[in-house]
Amino acid sequence: MLVAVVEDSPELRSDLVEFLNLQGCFTVQGFESGEAFFAVWPRSPFQLLLLDVALPGISGLEIARQVRSRHTAGSLPEIVMLTALDSSSDHVQGLEAGAAMYLSKRSPLEVIGAACHSVQRRLERDTVGSTTAGAVPAKDAWQLDTRDWIVSAPNGRSLALTHAEVMVLAMLFEQPGRVVTRKALLLRLEKRDTLSNLRNLDNMASRLRRKALVACDMELPLRPSYGKGYTFTGRCGLMK
């Protein structure tokens, strides 16, 4: 997979290029600015762009908008935004510009790498699904990737998760439509059944719904059963 990293910090750009190239399945080129990127795109058919939102000159958001408006058939790359910002409005702008994911620049390289692998696998599944007779992709289902800690919405947008969020969602995805008690979820998290831990679990669920709405532009069908637990009410699939 051809990957472009557009990041003005020489240290972070170098780290990302080196780390992703070492994965063995990416061919990565770094650019210090949007101007440098557009000097080679679309002649270089990148399949994935890692864009710093707050670039000097042409911002990452503007790069995403121009790529979406200027691409030719079959040439639209996937976009992952990297940002030091943490406001909902910035996330919404990035998603409206065509980003599939929004990650913090403070994320470990392993998390950013996992997001790239997730995009690669999704592209491979889409390719197989489009060429295999009778294949019916689950377009209306949420997909949880427990290996890469990512949940993908039916519209194709994705959200990077914490380890605790993955564990909670995995248990709910294993029993869709059924109430999973808060006690059982705490047990999965290896937490004691205390008032403090119950409150933390409820806060996590609320925060997860807010994050999914911003990142995926869809409501996560995670429903509380007050005094009991939680239910995942949508169609879902689990990838381990």
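A few remarks follow.
- Residue that is nearest to Ser118 (Cα to Cα) [pool: residues in segment 18-62 that are under 19 Å from the mean Cα position of the chain (by Cα) and part of a helix (DSSP H, G or I)]: Leu20
- Residue check, Glu190 without any contact (Cβ under 8 Å) to a residue 60 or more places away in the chain, closer than 18 Å to Thr146 by Cβ and of a type outside the set (Phe, Trp, Tyr): yes
- Hits in segment 116-147 - residues which are at pLDDT 80 or above and among the charged types (D, E, K, R): Asp145, Arg147
- Of the numbered criteria (1) at pLDDT 90 or above; (2) outside any loop (DSSP other than H, G, I, E, B), the one Gly113 fails is (1).
- Unique match (being surrounded by 14 or more Cβ atoms within 10 Å (Cβ to Cβ) and among the hydroxyl-bearing types (Ser, Thr, Tyr)) among Ser59, Ser44, Ser69: Ser59
- For segment 196-240, a residue qualifies if it is in a loop (DSSP other than H, G, I, E, B) and within 14 Å of Arg182 (Cα to Cα), and the qualifying residues are Tyr226, Gly227, Lys228.
The values are calculated or read from the model by the stated rules, or taken from the named source; none is laboratory data. Since this is a predicted model, take the numbers as computed values, not measurements. Ideal geometry is used to build each Cβ from the backbone, glycine not excepted, and the neighbour counts take in all protein chains shown.
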